[in-house]
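Only the coordinates and a few stated rules stand behind these numbers; no lab work does. Please read all numbers here as calculations on a predicted model, not as lab measurements.
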Amino acid sequence: MTDDDASSNLFSVKCTQLLEEPEIRFSGIVNKDGKLITGGFKEGITPYEGDETKLQSFFDFVSKASIRKEFDESLGPINYLAARRDKAVLVSFPFPVSQVLLLISAEPTVNIENLANKVVGIFSDVN
């Protein structure tokens, strides 16, 4: 097993673990090119019409936003980016060392700070 395979497997397990949270609809790892490498929608969830297309656009957007470094020195690195919509909350967490992003789509009732703390707990051994 290569390092990439081991990382992908680790990310897959952690994305599945996140999908156990009741308010999470989607959990996936996206590479620096905006391509989904593991994860997906929770079993039994019907994506909103155009959800997959919209998520791909969001992947592209956060991939670009997360690699921007112009404020890292003065403000520190990005911990996560969140967008609250009427039907869903979209949150991304960059992993700078492995150059991937965790993307989550959750119900609009989710508490973003609580979600961020859960993600940090689950992914604390990933860099």
| Residue by residue, what Karplus-based ³J(HN,Hα) values in Hz, rounded to whole numbers, does region 72-77 have, using 6.51, -1.76 and 1.60 with θ = phi - 60° and x for Gly and Pro? | 4, 5, 8, 10, x, x
| said: Longer than 22 Å from Cα to Cα, which of K42/K118; K14/K69; K69/K118; K42/K69; K35/K118; K32/K87 are they? Say none if no pair is. | reply: K14/K69; K69/K118; K42/K69; K35/K118; K32/K87
